[in-house]
Amino acid sequence: MTLRVIAIAAMDEARVIGAKNALPWSIPEDSRRFFSLTKGHAVLMGRKTYESLPARFRPLPQRRNLVISRSPAQLAQDSGIEVHTCACELIDSARSGAYALPSDKLWIIGGEQIYRLTLPYWDEIELTLVSGRHEGDAFFPEFENNFTLVGEEVHEGYKFLRYLRV
Ligand SMILES: NC(=O)c1ccc[n+]([C@@H]2O[C@H](COP(=O)([O-])OP(=O)(O)OC[C@H]3O[C@@H](n4cnc5c(N)ncnc54)[C@H](OP(=O)(O)O)[C@@H]3O)[C@@H](O)[C@H]2O)c1
């Protein structure tokens, strides 16, 4: 089984993805798309993104929740998640088959630190480009030099863009 590592994110025209550990916008259609695309797969996230999830969606249901933290003991009480200290080792083990995942897709769901850390591993990006510029303190890394746009779906106020690694 060949593993596909796919980043999924929503960023605005200033590359903002977050503000004060929350999303700067609410786009129900984008949330629905996120849930439908990632359902049944493993999702990899940083500890801050995990803690930013609304209580009823933490852990994200019907997905394997993999959380990256340097202090796994602090998340030991949380059930329904697997805590790892090294995202890159985890992806390497999943790619080699040594670490079994529920499917052939591993979704990288943020935030900024985890996107930056895992960018060299991405095969695809599902990016929602939100119109306008928002106040924010978390940003999506530059990826454009290594990826090509293969799909675009335009909506009022946002676009769904799909990129593949060149
Ligand atoms: N728009 C979107 O698509 C989207 C998606 C996801 C998140 N977000 C936003 O992004 C923001 C959060 O992003 P963030 O960059 O602040 O945090 P993050 O990437 O979610 O999590 C950061 C945490 O990951 C762990 N970590 C990072 N690098 C590590 C490494 N090399 N080794 C081990 N653990 C490591 C650390 O956890 P410990 O501190 O526990 O060690 C660190 O504090 C929020 O505003 C959120 O709403 C937006």
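Applying a DSSP loop filter and a limit of 14 other Cβ atoms within 10 Å to the trypsin sites (Lys or Arg not before Pro) in the stretch 47-106 leaves 70. Measuring spread by the Cα atoms of the stretch 1-144 yields a radius of gyration and Dmax of 14.5, 43 Å. Distance between the 7 Å Cα→Cβ label points at residue 149 and residue 95: 2.8 nm. The modelled label-to-label distance for the pair residue 32/residue 165, using points 7 Å beyond Cα in the direction of Cβ, is 3.3 nm. Could you tell me the calculated FRET efficiency between residue 22 and residue 82, based on Cβ-Cβ distance and R0 = 30 angstrom, to the nearest 0.05? Rounded to the nearest 0.05, the efficiency is 0.80. Quick check: from the Cα gyration tensor, does the stretch 1-81 come out rounded (a/c under 1.5), prolate or oblate? The shape class here is oblate. With a cut-off of 14 Å between beta carbons, the residues surrounding residue 160 carry a summed charge of -3, where Lys and Arg count +1 and Asp and Glu -1. Measuring between their Cα centroids, the stretch 123-161 and the stretch 16-74 lie 18 Å from each other.
Read the figures in this text as sums done on the coordinates, not as results from a lab. Remember, predicted model here, so these are calculated numbers, not experimental data. A quick note on method: Cβ atoms are made from the backbone with ideal geometry, for glycine too, and the neighbour counts reach across all protein chains shown.
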